[in-house]
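Q: Input: one structure, supplied below.
The values are calculated or read from the model by the stated rules, or taken from the named source; none is laboratory data. For clarity, every value in this text was computed on a predicted model and none was experimentally measured. Positions of Cβ are generated from backbone atoms using ideal geometry, with glycine treated the same way; all protein chains shown enter the neighbour counts.
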Amino acid sequence: MKNDNFILINLNQNISKARQAAYKGNRDKWIIFGLLCFIYLGLISWFININSNYNELINQRKNTISGIKKDTRDLKKEIKKQLEERNKNLNESNNEKVNLLNLSKKDIELAYKIGEKTIPWSEKLMQLSEITPEDMCITKLEYANNSLNISAISKIKDKTQKDQKILNDFITLLEGHEDFGKEFIEYELRNSKRVSRGSNPYYQFQISAPLKKKIKNRLNEIVVEKEIPKSIEPKIQEEVEEKVKPKVEEKVKEKVELKIEENKYSDDIIQLAKDIDVQDPLRDNVKKFQTALKLFSKNDIEFGFLESVTIINRDEILGKKPTTKFQKELMKKNKEIASNATSNKMQKYSKNIIAAAKRLKKNQNKSNLAAVKRFQEATGIANEGSVNYGLWDDLTRIKYEDVLESIAEKQ
């Protein structure tokens, strides 16, 4: 008998496949439920831990505040006690009270440390408003990465006016201010462009001023003055005058004697002055007089000529004073000419050229094109239409070295 004609049923199976699938699905549900419960319990415990930490932090802050308040009350009582003791020690007829606060060394050191990292930005903003020209507007100020970024826009009055000149003049104003640039290394150009609003052209630019690594503490500039009660001030002043007056008189006497000795000229110089005190003095005599007083040298154009500086020195040595109105006017003109000649001799280059050279000096490898261009424009070596504009060539280098040499001679 063949098995193909029958349906075979295995009656030994304990659980059917459908029942097995139901068991498996039920088991997976319980596993997921257990994981969710575990996660939920973990979150609850985490929240409880955070809450307890916050409560502990709040309690610590409250204790700190209470301690500060208690220390403040104790300090006030101590200061009050000190003031009462000081007032008792004063003369009974003296109605002035001394109000002094004794700062501890720790307080002073803490204030000094704060001053090392503090920059007076309010003063900086006021100074910047004073420096900024009337036809320029500051559009944005940003402090980031230890650098102050200044964005500005300036009206171009004349279409032929160069953009670089506007920027150079503004940077020169910033560098010329004694207090504004104390905390900054230099002023660098970030970006610039010419924009048009209507029919009016404007020049828009942004410069960056990085801070110095070590800032000078401004607290060193504060002068501390002690307060003295008005009633005892006259007594102290009388005592100081009694002690200082003899010393002051001695010092004044010494200075007067020293000045008299310094004003004395030798007989040779007086004779040289007399030799050129004629209508047409000899050039050799003028040269000797100028050489003796170190007025001019062989390289100077004025050497050997009786000009204003020589005349003033001659009259001073001989003690000559103008008597007539014409002589007074002549002396006044000679002094003006001598003053202009002296200032031109002392300052060979203008402030703009010196500022451009100093800024270029900070860039050792001369890779800052803006600084090179600014120096070339200030000295007249090159401009925007020149081939060597922005290039560190031999002509720029020679001029730069001459400016530095002039600065060194002046110092």
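Q: Tell me, which helices (runs of 4 or more DSSP H) wholly within the stretch 202-296 include 2 or more residues that are at pLDDT 80 or above and in contact with a His (Cβ under 7 Å, 6 or more places away or on another chain)? Talk me through it step by step, then tell me what you get.
A: Values: elements: 233-263, 267-275, 283-292.
Qualifying helices (runs of 4 or more DSSP H): none found.
Q: Something else: Filtering the stretch 188-214 down to residues that are of a type in the set (Ser, Thr, Tyr) and touching an Asp or Glu at 6+ places or on another chain (Cβ under 7 Å), which residue is surrounded by the most Cβ atoms within 10 Å (Cβ to Cβ)?
A: Filtering first and then ranking leaves 203.
Q: Of these, 378, 355, 382, 338, which one is small (Gly, Ala, Ser), at pLDDT below 75, closer than 28 Å to residue 192 by Cβ and crowded, with 16+ Cβ neighbours inside 10 Å? Walk me through it before giving the result.
A: On the way: 378 fails: at pLDDT below 75; 355 fails: at pLDDT below 75; 338 fails: closer than 28 Å to residue 192 by Cβ.
So the residue among 378, 355, 382, 338 that is small (Gly, Ala, Ser), at pLDDT below 75, closer than 28 Å to residue 192 by Cβ and crowded, with 16+ Cβ neighbours inside 10 Å is 382.
Quick grid of which residues meet (1) at pLDDT below 70; (2) within 30 Å of residue 211 (Cα to Cα):
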position	(1), (2)
65	no, no
88	no, no
92	yes, no
109	no, yes
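Q: Considering every residue within the stretch 123-130, establish whether at least one is outside any helix (DSSP H, G or I) and surrounded by 13 or more Cβ atoms within 10 Å (Cβ to Cβ).
A: First, pick out the residues of the stretch 123-130 that are outside any helix (DSSP H, G or I): none.
No; the residues of the stretch 123-130 include none that is outside any helix (DSSP H, G or I) and surrounded by 13 or more Cβ atoms within 10 Å (Cβ to Cβ).
Q: Follow-up. With the structure loaded, tell me whether residue 170 is in a helix (DSSP H, G or I) and in the same structural domain as residue 194 (by TED's automatic domain parsing) or whether it fails that test.
A: Working: in a helix (DSSP H, G or I): yes; in the same structural domain as residue 194 (by TED's automatic domain parsing): yes.
Yes.
Q: Might you check whether a residue that is surrounded by 17 or more Cβ atoms within 10 Å (Cβ to Cβ), among the hydroxyl-bearing types (Ser, Thr, Tyr) and modelled with pLDDT under 80 occurs anywhere in the stretch 361-371?
A: no
Q: Kindly establish whether residue 144 is closer than 20 Å to residue 192 by Cα, exposed (fewer than 15 other Cβ atoms within 10 Å of the Cβ) and either among the aliphatic types (A, V, I, L, M) or in contact (Cβ under 8 Å) with a residue 60 or more places away in the chain (or both).
A: On the way: closer than 20 Å to residue 192 by Cα: yes; exposed (fewer than 15 other Cβ atoms within 10 Å of the Cβ): yes; either among the aliphatic types (A, V, I, L, M) or in contact (Cβ under 8 Å) with a residue 60 or more places away in the chain (or both): yes.
Criteria met by residue 144.
Q: Let me ask you something else. Among the residues that make up the stretch 175-184, is at least one of them more than 22 Å from residue 359 (Cα to Cα), in contact with a Leu (Cβ under 8 Å, 6 or more places away or on another chain) and not β-branched (Val, Ile, Thr)?
A: Narrowing the stretch 175-184 to residues more than 22 Å from residue 359 (Cα to Cα): none.
Scanning the stretch 175-184, I find no residue that is more than 22 Å from residue 359 (Cα to Cα), in contact with a Leu (Cβ under 8 Å, 6 or more places away or on another chain) and not β-branched (Val, Ile, Thr), so the answer is no.
Q: Could you figure out which of (1) under 17 Å from the mean Cα position of the chain (by Cα); (2) of a type outside the set (Asp, Glu); (3) part of a helix (DSSP H, G or I) isn't true of residue 149?
A: Result: residue 149 fails condition (3) only.
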